[in-house]
Amino acid sequence: MAQIFPPWANRLPVLTLLAAAVLGLSAVSFVWYYFSPWYTDVGYRPTQPVFYSHLLHADSLGIDCRYCHSDVETSPTANIPPVQTCMNCHKIIKADSERLQPVVQSYVTKTPLKWVRVHKLPDFVYFDHSIHLRAGVGCAGCHGRVNEMLVVSQAKPLSMSWCLDCHRHPDDHLRPPDQITNMDWEPAADQVEFAAKQKHELGIEPTVDCSGCHR
Amino acid sequence: MPRLTDIRPPVIPGLLLLAVIVPLLGGCARESPSEKPPIHVVPDMDHQPKYKAQAESDFFADASAMRLPVKGTVPRGYLRADDAFYRGRDETEAYVTANPLPPTAEVLHRGEERFNIYCSPCHGKGGRGDGTVVARGFTQPPDFVSDSLRQMPVGQMFEAVTNGVRNMPSYRHQLRPEDRWAIIAYLRQLQGMTEPGDTLE
């Protein structure tokens, strides 16, 4: 009787196992890499209805973030400014510029200007700006160098592990509360002692309980 | 002499190499800017039927999910009956001349911070009317250290900040009354009119 299986068939079980391992590994790394918010979310930069530039307003003109995002220290949300805030200056400056027409139209006709949202946490997460700012966590740590952005793009993944990394070890991210909007702030050499002091004085205890963020 | 059919491609090392190279190549795609909305593979309960702040509503005619109080009603704590504090005027409708907030170190510090945020783009950090926006063509504001502004009653300053005056915009919606008074306390210090003794707590 002739052999049914050729000799190389002896190696089949090993080969199959190896192939399964390699395929499994690539599947895991594929999901790990391409499904993570670092890949899906970071860099999101929608086209806005007005070509509004943080680079010009926040950097060249040196306007503080809170001039426009004026509720950020007292409320959970950092408000997107109403067009009235823009018109503080633009009633006079470049009032008939082509680029500003959507703002002027919105102001005159009292219809909202529809900015496209950039940062968006899932609805089952509770986030609060005011508590972070009171603890001395700067805008730049969570939003990147917004003052250098022509169009705002998402700089951090806003994933749960990203939140927790900081909540477990906040020391490197703390700064004096009057420096929160300073985009150029760098930790000094004595950051460790400074952070320990600030944590003690302000009673900073970032939550790692599920119910802190999923309430 | 090996024949051509003996040479087989190294399948397994090849697969392993691919498994390493594909993510590495993808490394260039990570964090790259994109105009397309992010795709969430497992959207779960990302979008719940509830309104968040500043969301758009398809129910109300003005498309705003955040509603104003009904006309003629006053929310608790917003009665604002104290004319001196909320309008800068006394019973005779004259401007008040004394700041309702005593100029403690804390108030002055708060005032300085708020001034640098909200007023300095036009009035300049030192209040001399040389802000960055003025350099780009905004009407030149007056110098705070001039005599006419030193003689201006604090109530009139408060009214200017609250309601705006001529080319000066209103800051009613960006600043709470306490902060407006704190800024004015700081202005008095800039003008050199706060007695040094006043700042001691």
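Some notes on this structure:
- Members of the stretch B:59-92 found to be more than 23 Å from the chain's Cα centre (by Cα), loosely packed, with under 10 Cβ neighbours inside 10 Å and among the aromatic types (Phe, Trp, Tyr), listed by number: B:Phe59
- Residues being farther than 29 Å from B:Lys36 by Cβ, in a loop (DSSP other than H, G, I, E, B) and at the interface with another protein chain (Cβ under 7 Å from one of its Cβ atoms) are entirely absent from the stretch A:4-26.
- Every pair of residues 6+ apart whose Cβ atoms lie under 6 Å, when the first sits in the stretch A:143-163 and is assigned to a helix (DSSP H, G or I) while the second is surrounded by fewer than 18 Cβ atoms within 10 Å (Cβ to Cβ) and acidic (Asp, Glu): A:Asn147/A:Asp59
- Take the conditions (1) more than 26 Å from A:Arg145 (Cβ to Cβ); (2) at the interface with another protein chain (Cβ under 10 Å from one of its Cβ atoms); A:Tyr126 misses just one of them, which is (2).
- Scanning the stretch B:118-156 for residues that are polar (S, T, N, Q) and assigned to a helix (DSSP H, G or I), we see that the one that is surrounded by the most Cβ atoms within 10 Å (Cβ to Cβ) is B:Ser120.
- Number of the exception - A:Pro37 against (1) surrounded by fewer than 17 Cβ atoms within 10 Å (Cβ to Cβ); (2) within 24 Å of A:Gly138 (Cα to Cα): (1)
- Scanning the stretch A:31-87 for residues that are acidic (Asp, Glu) and at the interface with chain B (Cβ under 7 Å from one of its Cβ atoms) turns up A:Asp41, A:Asp64.
- For the stretch B:55-93, residues that are within 11 Å of chain A (Cβ to nearest Cβ) and closer than 26 Å to B:Glu178 by Cβ total 1.
- Scanning the stretch B:36-54 for residues that are facing another protein chain (nearest Cβ under 7 Å), within 26 Å of the chain's Cα centre (by Cα) and surrounded by 10 or more Cβ atoms within 10 Å (Cβ to Cβ) yields B:Ala53, B:Gln54.
Read the figures in this text as sums done on the coordinates, not as results from a lab. As the structure is a computational prediction, the values presented were derived from the model and not from experiment. Note that each Cβ is placed from the backbone with ideal geometry, even for glycine, and that neighbours are counted across all protein chains shown.
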